[in-house]
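Just so it is clear, none of the values below were taken in a lab; they were calculated from the coordinates. Since the model is a prediction, treat every value here as computed from it, not as a measurement. Positions of Cβ are generated from backbone atoms using ideal geometry, with glycine treated the same way; all protein chains shown enter the neighbour counts.
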Amino acid sequence: MATARQSGNPWQKLEDLGGSPPARLEPIIGDALASQLKALEALFGKKLPGDYSDFLAWSRGRGVCFGWNTQVPAPEPYGSVGVNCLFGLNPDDSTSVQRQTRSFQQRIPQHLWIIGDDAGGNKICLRAEDNSVYFWDHEVSNDRMATMKKLTVSFKALVEAMRSDRQPGEQRTAVPAGLKVPAIKRMGSGRKKG
C-alpha cells in the first residue's frame with residue numbers, strides 16, 4: 001500500500017487511518033462544491049486556507065470520520081487528543097463547519113472555525129489568519145482563549161501528525177468476528193396509550 005507521501009496525495013493518510021466520509025452525505029462536486037466553499041468564506045468573512053480548501057475538495061465537501069482511536073499530539077496537560085471527525089460543508093448536517101461554528105460562536109473566539117471534534121465533544125478549530133489548528137476543551141472554562149491549545153501550524157500538519165491504533169490492512173468491523181451480541185429490544189417512550 002502506498003503511503004500518502006509516496007502517492008503525492010497528503011489526504012490519502014486519512015483513508016490509511018480508517019477515515020471515511022459520513023455515508024449519509026452525498027458528495028458535493030463541481031460548481032456546487034465551488035459555491036459551498038464561497039458561501040463558507042462569505043459566512044465567516046475570511047478566505048479558507050489553501051490546504052483546508054484542498055481537503056474539502058478531496059473529500060467532496062463531506063469531511064471525514066474515523067472508526068478507530070485516531071490521535072494527534074497535544075500540549076500538556078493533554079499529551080494527545082482524539083480526532084473523531086473532520087467536518088465538511090453540508091450546512092444542513094450536524095457535522096458541518098457552518099453549523100458547528102455557529103452553535104459555539106458565543107464560546108470560542110470569532111477568528112476560529114470549528115473544523116472537527118473528538119468523541120467527548122471537544123472541538124478542533126482552524127484559525128484562518130495563519131492556518132494554525134487549536135484544540136478547545138469545552139469543560140475547562142468559558143474564557144475563550146484560555147481553553148485553546150495550539151496543536152499544529154497548519155491543517156496539513158494536523159493530518160501529518162495524526163496516528164491510529166489501527167493495524168495496516170485491518171478492516172473496521174462493528175462487531176469482532178466470532179463475538180455473539182444479544183439482540184437489543186427497542187424501548188417505548190414510556191407513555192401508556194390510552
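Observations
- Computed from phi, the 3J(HN,Hα) profile of region 19-25 under the Karplus parametrisation 6.51, -1.76, 1.60 (θ = phi - 60°) reads x, 8, x, x, 4, 6, 9 Hz, with x in place of Gly and Pro.
- Cα gyration tensor, region 8-164 - rounded (a/c under 1.5), prolate or oblate: oblate
- Panel order for L89, L33, by other beta carbons found within 10 Å of each beta carbon, from fewest to most: L33, L89.
- Potential lengthening between A57 and H111 on full extension [0.36 nm per residue; Cα-Cα distance subtracted]: 17.2 nm
- Region 8-164 - share of DSSP beta bridges that are antiparallel (%, nearest 5): 95
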